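The values are calculated or read from the model by the stated rules, or taken from the named source; none is laboratory data. Not measured: the values here are computed from a predicted model. Cβ sites come from the backbone with ideal geometry, for glycine too, and all protein chains shown count toward neighbours. Calculation scope for accessible area: heavy atoms of the full protein, side chains included, ligands and nucleic acids excluded. Shrake-Rupley method; radii C 1.70, N 1.55, O 1.52, S 1.80 Å.
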Amino acid sequence: MSVDEARAAAERAARDSYGRLLALLAAAAGDLALAEDALATAFEQALRTWPDSGVPRNPDGWLLTVARHRIRDVWRSAAHRTSAPLDDDVVDAAAADPLADVDPDAVPDRRLALLLVCAHPAIAPEVRTPLMLQTVLGLEAAQVARLFSVPPATMAQRLVRAKRRIATARIPFVLPDRSVLVERLPAVLEAVYGAAAATWRQDGRGLAGEAQHLAVVLAALLDDDPEAWALAALVTFALARRRPGPFVPLDEQDASTWRGDLIAEGEAYLRRSERPGVPGRFRLEAAVQAVHCDRRRTGTTDWSALRTLYLALDAVAPSLGARVALAVVVGRLDGPDAGLAALPPQPDPAFQPWWAARAALLVSAGRRGDAATAYRRAAELADDADVRTYLLARADDGPPAPTSPQISDPLR
């Protein structure tokens, strides 16, 4: 086996299983930083040995075994024995070897426990969701930094401090009782949402599928929380429309290729989120996605329903993304000039969907020169290479007016 093949196998294992393996190790060891170091050692060893020995039949089990041995070595080391606090629980746990029962197929409850550890009150609120995205869902620090519009170095420092805080506060890696679970829920929902938004173009068996799986498990665990079920619906609808390959705007996609089974599953989750009174943010966003997905059945998009939903969303949970999407809907219903007037003022820092929406509306208004400039700016801001390629083609070719804003986040 070549080095490149071994590297590809290790990258696939990291993409598909990192969060699951880390959660298992951290829960068993009670130490997030130690679990991360041990798993990093396992991946490094894989890259050294797999080119000669071949990829094992069960890569996850192999990585878990190596990481488990690494943790045991640390526990036995003189440095650890002299630096670790004398704690009866730790001593007892080490004697009982909590790593002995770690099973790579024992998912997903320990990942949920780790998500809730990251949402502990001892962790600064602004870093809880980024910490979940990196440690449990496997996003790189640079990806997390982009999602939160902060410099990568700043985000890396925040994450390191948060992990130290988990250790010094000795936060237990267990599922808390229901009252605590509800208190920490908003940050967990945001993390799952962020993971889905950042990975929606990945293979459904990868992190995008993992985010949907976690959302469903979380909703089932809480059972009667409407926002948890709504998020499960939202992520499932997005997965149903996942389309690998070159970027195609939502309105130009062939709805017959969308997965009917996942749309039906999302609709079932959305029905479970229905409650009397004012709907929450995720319920409204899921309803927006339900309207889009209904095009698979009807062949048309109900733009009036979308306007109603976006107006409600702006009232319940105002955000720049929702206002940009509303402006696009206004442009469809009332004309491009009305859509341009409905766009919020040019944001600072720059916001990619704002520039993409402005470009699409300018094309519809016949202002192709201004549209080309806006398309190029949107392309500069795009994280996804396929989206960037598409936007640059729009800027260069001056194609017919598009019907959607080429926003790279399908969850809006």
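Points to keep in mind about this one:
Conditions (1) small (Gly, Ala, Ser); (2) in contact with a His (Cβ under 9 Å, 6 or more places away or on another chain); (3) open to solvent by less than 60 Å² (accessible area, probe 1.4 Å), marked per residue:
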site	(1), (2), (3)
Leu262	no, no, yes
Gly266	yes, no, yes
Leu270	no, no, yes
Pro276	no, no, no
Pro279	no, no, yes
Leu284	no, no, yes
Cys293	no, no, yes
Ser304	yes, no, no
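Yes/no per residue for (1) in a loop (DSSP other than H, G, I, E, B); (2) of a type outside the set (A, V, I, L, M):
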site	(1), (2)
Leu234	no, no
Ile263	no, no
Glu267	no, yes
Ala286	no, no
Ala290	no, no
Arg296	no, yes
Thr300	yes, yes
Leu306	no, no
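- Residues in segment 241-260 that are open to solvent by 30 Å² or more (accessible area, probe 1.4 Å), outside any helix (DSSP H, G or I), closer than 22 Å to Thr301 by Cα and not charged (D, E, K, R): Val248 alone.
- For segment 253-268, the set of residues classified as under 16 Å from Asp225 (Cα atoms) and within 19 Å of the chain's Cα centre (by Cα) consists of Gly266 only.
- Test: residue in segment 387-410 that is open to solvent by less than 10 Å² (accessible area, probe 1.4 Å), aliphatic (A, V, I, L, M), modelled with pLDDT under 95 and part of a loop (DSSP other than H, G, I, E, B): no
- Failed item in (1) without any contact (Cβ under 8 Å) to a residue 12 or more places away in the chain; (2) closer than 20 Å to Ala8 by Cα, with Ser77 passing the rest: (2)
- Of the helices (runs of 4 or more DSSP H) lying entirely inside segment 109-165, those containing at least 1 residues that are open to solvent by 70 Å² or more (accessible area, probe 1.4 Å) and over 26 Å from Leu222 (Cβ atoms) span 141-147.
Residues checked against (1) part of a loop (DSSP other than H, G, I, E, B); (2) under 21 Å from the mean Cα position of the chain (by Cα); (3) within 21 Å of Ser149 (Cβ to Cβ):
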position	(1), (2), (3)
Pro318	yes, yes, yes
Gly321	no, yes, yes
Ala327	no, no, yes
Asp337	no, no, no
Pro345	yes, no, yes
Trp355	no, no, yes
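- Single residue of segment 26-64 satisfying the filter (touching a residue at least 40 places away in the same chain (Cβ under 8 Å) and not in a helix (DSSP H, G or I)) that is farthest from Ala169 (Cα to Cα): Gly54
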